[in-house]
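The structure appears right after this line, and notes come after that.
The values are calculated or read from the model by the stated rules, or taken from the named source; none is laboratory data. Here the structure is a predicted model, which means the values were calculated and not measured. Please note: Cβ atoms are built from the backbone with ideal geometry, for glycine as well, and neighbour counts cover all protein chains shown. The protein model used for the area step is the full one, side chains on, heavy atoms only, and it has no ligands, DNA or RNA in it. Shrake-Rupley method; radii C 1.70, N 1.55, O 1.52, S 1.80 Å.
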Amino acid sequence: MKKHGTWPYISSSSPFSSLPFSNFTAPQFSAAKHARSSRPPPSTSASTAAYFSSLPYDILIKIAASFDLPNLRAVSLVCRSWSEAVRPLREAMMLLQWGKRFKHGRGGFRQNAEKALESFLKAAARGSALAMVDAGLMYWEMGEKDRAVDLYLKAAELGNHAAQCNLGLFYLQAEPPNTEQALKWLYKASIGGNVRSQYQLALCLHRCGGVRSSMKEAAKWYRKAAEGGYVRAMYNTSLCYSFGEGLAHSRQQARKWMKRAADRGHRKAQFEHGLALFSEGDMMKAVVYLELATRAGETGAAHIKSLVLNRLSAASRDHAMCLADSWRALPST
């Protein structure tokens, strides 16, 4: 899928109101009644088994469709009925693992895209939403977008957040874009904790612009994605605090999130953090961040770096370059 820009230009000609969240109430399932209600259940384990065995299989399969192998094994231990119900999903997990090994050439498997796709499809046929996403990704890379979207839709309806995110991005990139459907799926994935969706949702709300409630909602999702480790969201969160857009103006918070983005390799953040350090007179740290931004392709950083280097001694310049050489980005989502 194509990449989106970081901080969008706002058009005041397209007013937009953020969508309200609908209240969600989880369905309640009751245990089967005992034939003799006057007698207590024979044991806790027996009553628990009766409770779980009463859960309809189709609901159980939908719930477990996005489970990984450890969770499926845990589900299988609950009761015999559940173990039988999720057997196809356990088989799907094995096929999914084979597919990943064929795709990436790992675990003694030779790289083979055809066998990888075949394994993913077999796993998808057994109900695995995870396999539907992997098969969809392969179809997307092959240019067969219709097949990819069909699989994303099936997985998204089963509650898979990665599929919901991909589906939302597909609708954003469609010609013409289907913003309603895009927001629908991005909201679902964002509420489920998918940080990429949270960032894309914020970006979508931000781009609509012109309405204060939209920017406030966008900033909220930028912040959530940033807290989840999404680097671009860290940078945008910093800008929200810096400009007071959607979040209360806070220089301290702006600097905090800018540094976090810079330390994780965001080149614009490295440039801007370097400028801030330069303005404060911290030349050594400034030149390190400006050098990192220059190496990452931020052309504007090179000129400022030269000015800073001229103010340092030869020993300090060499030390700054050594620090830049040994720098490693912190992990991010």
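Some points to look at:
- Spatially proximal aspartates and glutamates relative to K122 (Cα-Cα < 13 Å; intrachain offsets below 8 disregarded): E91, E114, D134
- Couplings for the range 294-301, taken from phi via the Karplus curve 6.51 cos²θ - 1.76 cosθ + 1.60 with θ = phi - 60°, read 5, 5, 7, x, 7, 4, x, 6 Hz in order; Gly and Pro are left as x.
- In Å², nearest 10: area of C79 left accessible to a 1.4 Å probe: 20 Å²
- Vicinal HN-Hα couplings computed from phi for the range 255-265 (Karplus, 6.51 cos²θ - 1.76 cosθ + 1.60; Hz; Gly/Pro x): 5, 4, 6, 5, 5, 4, 5, 4, 5, 10, x
- In Å, descending, principal axis extents of the Cα set of the range 267-332: 34, 22, 20
- Gyration tensor (alpha-carbon) shape descriptor, the range 186-264, a/c threshold 1.5: oblate
- With θ taken as phi - 60° and the Karplus curve 6.51 cos²θ - 1.76 cosθ + 1.60 applied, the whole-hertz 3J(HN,Hα) list for the range 145-150 is 5, 4, 5, 4, 5, 4 Hz, x standing for glycine and proline.
- Computed extension gain for Q181 through S81, at 0.36 nm per residue and net of the alpha carbon distance, reaches 32.3 nm.
- Solvent-accessible area per residue for the range 267-332 (1.4 angstrom probe, square angstrom): 54 Å²
- The range 267-332, accessible surface, carbon-and-sulfur percent (1.4 angstrom probe): 56 percent
- Nearby aspartates and glutamates by direct alpha-carbon distance to K256 (threshold 13 angstrom, same-chain neighbours under 8 apart not counted): E227, E272
- Protein heavy-atom accessible surface, 1.4 Å probe, per residue over the range 86-158: 54 Å².
- Within the range 96-139, trypsin sites (Lys or Arg not before Pro) in DSSP loop having at most 14 other beta-carbon neighbours inside 10 Å: R106, R110
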